[in-house]
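Here is the structure we will look at.
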Amino acid sequence: MLSRLKAAFASEGIDLTTLPLTMDSWFVSQPLRERLHRLGFTKIIIAGKSNYTFTIAGTKQDASQWKKELVLHDATWGIDVSSCRVQAHSPTFGAITLFFFQKSTTRSYYLMNFSQVSMRGTEIWHIWKQHHVIECFWKILKSIFHIRSMQLQGDGLYTALLIKVLAYVLAIRLQAHRTFSKLTITQIMRNLSRDHDLKTLLTEHFHLPFLTT
């Protein structure tokens, strides 16, 4: 999929490999990491699973135990959560940088730096924060457009991508209207979900007929 997307964007003069990639834990694998590197992606941050085993400072144990034992530092410049960046070794991934962080008073998580370059904690966190914002945006989008599921295989993948692109373009167009001009894209989507009917919105702001099948 990424190979085809990379080629499609390259034909328009856009190099996708300059953008950071973030993925949830179920996508993690060494073959995937190697394929992404061969495609030229250099910044890759992936959420880690609790059952992965790491050796840190000579001690080997799974991530769930490390989350309990590692001391997280208070929020610092560029990182607005308690966190800890450590060097580790994985039986699967080899030498790797891990970034542990506390999301709430009771729960902590960690990220794996699959990048081809070393990254500071603040760089890792900045990239991952965008992952969370994008997730929230698409959840709201699915609610507005009443999309129960987006199939990520075959033609369904391109349909899902097209819907997302069109929805994003709609939000950008709305930003040009006075009512929405001071809102961020995510705030616009939340506003639509809470206070507006999509059919009425398209009619009032774009004078478009709302066709249903």
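Just so you know, all these numbers are worked out from the coordinates, no wet-lab data involved. Just so it is clear, the structure is predicted and the values come from calculations on it, not from any experiment. So basically every Cβ, Gly included, is an ideal-geometry build from the backbone, and we count neighbours across all protein chains shown.
Points to keep in mind about this one:
- Counting every other Cβ atom within 10 Å of each residue's Cβ, Arg190, Arg173 order from fewest to most as Arg173, Arg190.
- Assigned charges on the beta-carbon of Lys, Arg, Asp, Glu; the stretch 2-119 dipole about Cα centre (debye): 260
- Additional length obtainable on full extension of the chain from Arg4 to Asp24, 0.36 nm per residue less Cα span: 5.1 nm
- Ranked list, fewest to most other Cβ atoms within 10 Å of each Cβ, for Met112, Met23: Met23, Met112
- Count Lys and Arg as plus one, Asp and Glu as minus one, and take only other residues whose Cβ is under 13 Å from that of Ile45; the net charge is then +3.
- Beyond 18 Å, the tail of the calculated P(r) for the stretch 2-119 holds 55 percent of the Cα pairs.
- Radius 9 Å from Cβ of Phe100, net charge of other residues (Lys, Arg +1; Asp, Glu -1): +2
- In terms of its alpha-carbon gyration tensor, the stretch 57-130 comes out oblate; a/c meets the 1.5 threshold, while b/c is at least as large as a/b.
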